[in-house]
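Visitor: First, the structure itself, so that you have it in front of you.
The values are calculated or read from the model by the stated rules, or taken from the named source; none is laboratory data. This structure is a prediction, so every number in the text was calculated from the model and none was measured. Virtual Cβ from ideal backbone geometry, glycine too; neighbours counted across all protein chains shown.
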Amino acid sequence: MHAPAPRKVVETSLDAPEGCTLREALMQAGWLQRFPEMDTGLLTLGVWGRKAGWDRVLREGDRVEVVRGLRVDPKVARRERFMGQGARSTGLFARRRPGSKAGY
């Protein structure tokens, strides 16, 4: 699975031989030719959401992920959203039942 741009995901299924490494699987799938930015080191490789190296030996059923780096730290983004919305309109306090006490 690879997300080359926001809101765009490319998925491919592959039957790789036993003992195949991550690099070999991406070459066999044609992704290194299709997405040359993968080999530059700007993207992060992972298997089932955990960071993995090019020499990682894949097992049957592994899901390989190629992800772009984050442009904004999620903690900073959340803090900025909270500041913009105000404390009363976020989180637990966003949907308050009519006639209920604050926080419920």
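Visitor: Taking the range 20-44 as the search range and keeping residues that are closer than 16 Å to Ala5 by Cα and surrounded by 11 or more Cβ atoms within 10 Å (Cβ to Cβ), which one is modelled with the lowest pLDDT?
Guide: So in the range 20-44, the residues closer than 16 Å to Ala5 by Cα come out as 31, 34-38, 42-44.
Going one step further and asking which of them are surrounded by 11 or more Cβ atoms within 10 Å (Cβ to Cβ), we end up with 31, 34-35, 37-38, 43-44.
Working: Trp31: 81, Arg34: 82, Phe35: 80, Glu37: 76, Met38: 72, Leu43: 79, Thr44: 83.
The selected residue is Met38.
Visitor: Can you tell me which of Val64, Val72, Val9 is modelled with pLDDT of 85 or more and within 16 Å of the chain's Cα centre (by Cα)?
Guide: None of the others qualify; the one that does is Val64.
Visitor: Further, regarding this structure: It is to be established whether one or more residues within the range 14-36 are in contact (Cβ under 8 Å) with a residue 12 or more places away in the chain, among the β-branched types (Val, Ile, Thr), touching a strand residue (DSSP E or B) at 6+ places or on another chain (Cβ under 9 Å) and under 30 Å from Val72 (Cα atoms).
Guide: No - not one qualifying residue is present in the range 14-36.
Visitor: Kindly indicate which of Pro4, Pro98, Pro17 is surrounded by fewer than 11 Cβ atoms within 10 Å (Cβ to Cβ) and at pLDDT below 80.
Guide: On the way: Pro4 fails: surrounded by fewer than 11 Cβ atoms within 10 Å (Cβ to Cβ); Pro17 fails: at pLDDT below 80.
Sole residue among the options that is surrounded by fewer than 11 Cβ atoms within 10 Å (Cβ to Cβ) and at pLDDT below 80: Pro98.
Visitor: Another question, then. Considering only residues of the range 52-67 that are closer than 16 Å to Val9 by Cα and in contact with a Ser or Thr (Cβ under 8 Å, 6 or more places away or on another chain), which is surrounded by the most Cβ atoms within 10 Å (Cβ to Cβ)?
Guide: Looking only at the range 52-67, we keep the residues that are closer than 16 Å to Val9 by Cα, and these are 63-67.
Checking which are in contact with a Ser or Thr (Cβ under 8 Å, 6 or more places away or on another chain) leaves us with 66-67.
Working: Val66: 19, Val67: 14.
The qualifying residue surrounded by the most Cβ atoms within 10 Å (Cβ to Cβ) is Val66.
Visitor: Considering Gly49, Gly84, which residue is surrounded by fewer than 10 Cβ atoms within 10 Å (Cβ to Cβ) and modelled with pLDDT under 75?
Guide: Numbers: Gly49 fails: modelled with pLDDT under 75.
Answer to the selection: Gly84.
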